Amino acid sequence: MKKILMIVASFRKNSFNRQLAEAVGELFRGKAEVKILEYGDVPLFNQDMEFPTPEAVGRVREEVLSSDGIWIFSPEYNSKTPGVLKNLLDWLSRPVTETAGSRESAVRGKCVTVSSVAGKSAGAGVRKDLSELLSKMSMNVVYGEGCGIALGSDAFSTGKMDLSEEEINMFRAQAEELLRAAGQMI
Ligand SMILES: Cc1cc2nc3c(=O)[nH]c(=O)nc-3n(C[C@H](O)[C@H](O)[C@H](O)COP(=O)(O)O)c2cc1C
């Protein structure tokens, strides 16, 4: 079974993006193994600290290397990518060993797709920003700028997000595209 690694770009306890990642995870049931990456212990990137590789960085690299595809769920901060995710991606864009060539990263060539739960924009800004950034990191960006959800005021007041049938189908199509790109027959 293929392995899908989900990366949520919000550490908020009731994160809507995490709620979406969990709901999307259900769509893979029986089709792929899904795991949400925990990376709150990854240090702020500092080139002086790259080698020896910090333990948390080594662990997230291993999780990325052993996955067949990655799905990023990100809020939109000021129309762009939140700092916690940019920090993780900067680490992941770097060579895995001191002697490796500058292009030998854990993410090079890996399939990746993006989604966002945000305000009115449905995360159009962050999804565009991320698809450009991930392409720059030589990742295989699947499903273009991905799908987004524009939260209504009711979700902000209850802290809970309910997905419509139409939204579930939208993410199902994205999931199938990711699995296909990862080499799984649908
Ligand atoms: C610093 C900051 C900047 C934000 N900027 C935007 C923005 O540019 N566009 C938007 O739609 N939402 C913006 N938001 C709202 C978040 O995208 C929204 O609250 C999202 O649901 C947070 O994701 P989470 O629930 O997964 O933490 C911003 C929120 C914060 C904290």
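The values are calculated or read from the model by the stated rules, or taken from the named source; none is laboratory data. Quantities reported herein were computed from a predicted structural model and do not represent experimental measurements. All Cβ positions, even for glycine, are placed from backbone atoms using ideal geometry, and neighbour counts span all protein chains on display. With ligands, DNA and RNA removed, areas are computed over all heavy atoms of the protein, side chains included. Shrake-Rupley method; radii C 1.70, N 1.55, O 1.52, S 1.80 Å.
Roughly how compact is the chain, stated as its Cα Rg over 2.2 N^0.38 Å to two decimals? Could the numbers behind the result be given before it?
Values: Rg = 16.1 Å, N = 186, 2.2 N^0.38 = 16.0 Å.
Working it through for the chain, the quotient is 1.00.
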query = Longest span of the chain, sites excluded, free of GluC sites (Glu not before Pro) in DSSP loop with at most 16 other C-beta atoms within 10 Å?
reply = 105-186
inquiry  = If the only charges are +1 at each Lys and Arg Cβ and -1 at each Asp and Glu Cβ, what is the size of the charge dipole of the range 77-155 around the Cα centre, to the nearest 20 debye?
reply    = 120
query = If you take the alpha carbon radius of gyration of the range 1-108 and divide it by 2.2 N^0.38 Å, what ratio comes out, to two decimals?
reply = 1.11
ask   = Under Stokes-Einstein, with the Kirkwood radius over Cα pairs standing in for Rh, what whole-number D in µm²/s applies to the range 80-186 at 20 °C and 1.002 mPa s?
value = 139
note = As straight-line cross-link partners of Lys128, the qualifying lysines (C-alpha separation under 22 Å, not fewer than 8 residues apart within one chain) are Lys80, Lys86, Lys110, Lys120, Lys136
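Given a 1.4 angstrom probe, I'd like the percentage of the accessible area of the chain that is carbon and sulfur, rounded to a whole number. Write out the running numbers ahead of the final one.
On the way: 4620 of 9460 Å².
Summing carbon and sulfur atoms, their accessible area is 49 percent of the total for the chain.
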key: Average accessible surface area per residue within the chain, 1.4 Å rolling probe, Å²   = 51
